[in-house]
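Take a look at the structure below.
Any read-out appearing in this document is the output of simple, stated calculations on the displayed coordinates, not a laboratory observation. Please read these numbers as outputs of a predicted model, since none were measured by experiment. Quick reminder, even Gly has a Cβ in these numbers, built from the backbone with ideal geometry, and neighbours come from all protein chains shown.
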Amino acid sequence: MVCETIKECLAVEGLGEAFTGGFLGGLAAIGVFFMVLLIAAIYVYSSYAWMIIARKLKYKKSWLAWIPIANISMVLQLGGFHWAWVFLILVPIVGWIALLVLAIISTWRIFEKRKYPGWFSLSMIIPKVGGILYLVAIGFVAFADKRKR
């Protein structure tokens, strides 16, 4: 079979769809790769920030900031709650909401211990930009030291 144009050859053999599908698949794979990379970078940043905050508050097990779920119990302990409240994560919806409230209260107390406004902890519940504001807030609390006047 001889094609007169490239378009005919691609249409007849089905290579057009294969090329388009392969291109879109490759583009999707690149997008997924960068999303995983972004999530990993955010996790490393937040874990490191919480580890520094725990060290500055003289918490003996600051390395818990790197372990999922255990980092929540560390934040609860730093905020004055018992670590066992972390088991609320096993109760769907109601437990998650209760744990979120405890986490906000804990971060409020932690921020005030570090001499920063407690209301910075409310940044995690602001829609759309709350996650970025929360990362900025823990960055200030961890890495910027308030000067004594």
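Applying 0.36 nm per residue to the separation of residue 126 and residue 143 and subtracting their alpha-carbon distance, the gain on full extension is 3.8 nm. Label point 7 Å out from residue 58 along Cα-to-Cβ: which residues of the range 113-128 have amide N under 15 Å? Flagged as within label range: 113-114.
Pairs of Lys residues in the range 42-143, spaced 8 or more positions apart or belonging to different chains, with C-alpha separations under 24 angstrom: 8 in total.
Report the extension gain between residue 35 and residue 119 in nm, rounded to one decimal, defined as 0.36 nm multiplied by the number of residues separating them, less their alpha carbon distance.
27.3 nm
Using 0.36 nm per residue and subtracting the Cα-Cα separation, the extra length available between residue 27 and residue 42 on full extension is 3.1 nm. Once the Cβ-Cβ distance of residue 69 and residue 133 is raised to the sixth power relative to R0 = 25 Å, the FRET efficiency obtained is 0.60. The order of the peptides 92-100, 117-125 by mean Cβ neighbours within 10 Å, most packed first, is 117-125, 92-100.
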